[in-house]
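A.B. asks: After the structure tokens below, expect a handful of questions from me.
The values are calculated or read from the model by the stated rules, or taken from the named source; none is laboratory data. Everything numeric in this text was worked out from a predicted model, so none of it was measured. When we count neighbours, we look across all protein chains shown, and the Cβ atoms used for this are built from the backbone with ideal geometry, even at glycine.
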There are 2 protein chains.
Amino acid sequence: MGVQRPFLHPPAETIRLESILYALADPVRLEIVRRLISGDCPLNCSTAAPSHLPKSTQSHHFQVLREAGLIQSERRGTEVVNSLRIHEIDEKFPGVVAAILKAAKPLKCPDTERAN
Amino acid sequence: MGVQRPFLHPPAETIRLESILYALADPVRLEIVRRLISGDCPLNCSTAAPSHLPKSTQSHHFQVLREAGLIQSERRGTEVVNSLRIHEIDEKFPGVVAAILKAAKPLKCPDTERAN
């Protein structure tokens, strides 16, 4: 069994506003962040991401969010759970993520359609 | 003398949050928007953009901002003047640009260095 690489998370002091904005400039990633902020606890990738997407696409989006400093990912057994680094982000860039999420419409995708 | 193409501006109803975020996910474009919002009147490109940049780079940044729906550009004689479409943007996405600009640091660049 191969050794899994640890997730890399930028320290709070190196998180850049431009990277946050770039990470959120995508409807799928906006939707992931919206779901993570709505959940009370860390969410696994399948719950946090629109499920009609291929796993590799999901992974890419989580990676962009992680590298921007927006989310924290952690392996728990066979799954990966994700949470927003909202306190750190909000301390550095007050109100930015809240204003963006308030302005963002929920993504229309097959799994949310089924849920309605 | 060649005929100059008119500037294309997306109508307010087609402006997308993701495009606004993408346009602002760049330190130079953030700086341009910061200067435009600080000015009382439309600014020409040389005043609105950091002047150490080549003209072609400046033009590219104004084009991205224009196509995202953030700015309005207009030819006045031999120069182009730009203004923020802040009322339209703020009506569609309340507080987003304000929160981002508040969090953004002024760009350190040769022309602001000289000014200080």
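A.B. asks: Out of the residues in the stretch B:24-39 meeting the condition of being part of a helix (DSSP H, G or I) and not hydrophobic (A, V, I, L, M, F, W, C), tell me which one is nearest to the other protein chains (Cβ to nearest Cβ). Step through it out loud before you land on a result.
C.D. replies: Start the filter on the stretch B:24-39 by keeping residues that are part of a helix (DSSP H, G or I), which leaves B:24, B:27-38.
With the extra rule that they be not hydrophobic (A, V, I, L, M, F, W, C), the set shrinks to B:27, B:29, B:31, B:34-35, B:38.
Numbers: B:PRO27: 6, B:ARG29: 9, B:GLU31: 11, B:ARG34: 12, B:ARG35: 17, B:SER38: 18 Å.
So the residue we want is B:PRO27.
A.B. asks: Being crowded, with 20+ Cβ neighbours inside 10 Å and farther than 25 Å from B:LEU65 by Cα, is that true of even one residue in the stretch A:24-33?
C.D. replies: Yes, because at least one residue in the stretch A:24-33 is crowded, with 20+ Cβ neighbours inside 10 Å and farther than 25 Å from B:LEU65 by Cα.
A.B. asks: Tell me the residue from A:LEU43, A:LEU24 that is in contact with a helix residue (DSSP H, G or I) (Cβ under 7 Å, 6 or more places away or on another chain) and at pLDDT 95 or above, please. If you could, list the steps in order and put the result at the bottom.
C.D. replies: Values: A:LEU43 fails: at pLDDT 95 or above.
Answer to the check: A:LEU24.
A.B. asks: (1) within 14 Å of the chain's Cα centre (by Cα); (2) of a type outside the set (Gly, Ala, Ser); (3) within 13 Å of another protein chain (Cβ to nearest Cβ): which one isn't true of A:PHE93, the others all being true?
C.D. replies: (1)
A.B. asks: Residues being of a type in the set (Val, Ile, Thr) and within 16 Å of A:ALA103 (Cα to Cα): count how many of those fall in the stretch B:68-98.
C.D. replies: Let us first name the residues in the stretch B:68-98 that are of a type in the set (Val, Ile, Thr), namely B:71, B:78, B:80-81, B:86, B:89, B:96-97.
Subsequent filtering for residues that are within 16 Å of A:ALA103 (Cα to Cα) retains B:86, B:89, B:96-97.
The number of residues fulfilling the criteria is 4.
A.B. asks: Restricting attention to the stretch B:45-77, which residues are part of a loop (DSSP other than H, G, I, E, B), surrounded by 15 or more Cβ atoms within 10 Å (Cβ to Cβ), more than 9 Å from the chain's Cα centre (by Cα) and free of Cβ contacts under 8 Å to residues at least 60 places away in the same chain?
C.D. replies: Within the stretch B:45-77, just B:LEU53 meets the criteria.
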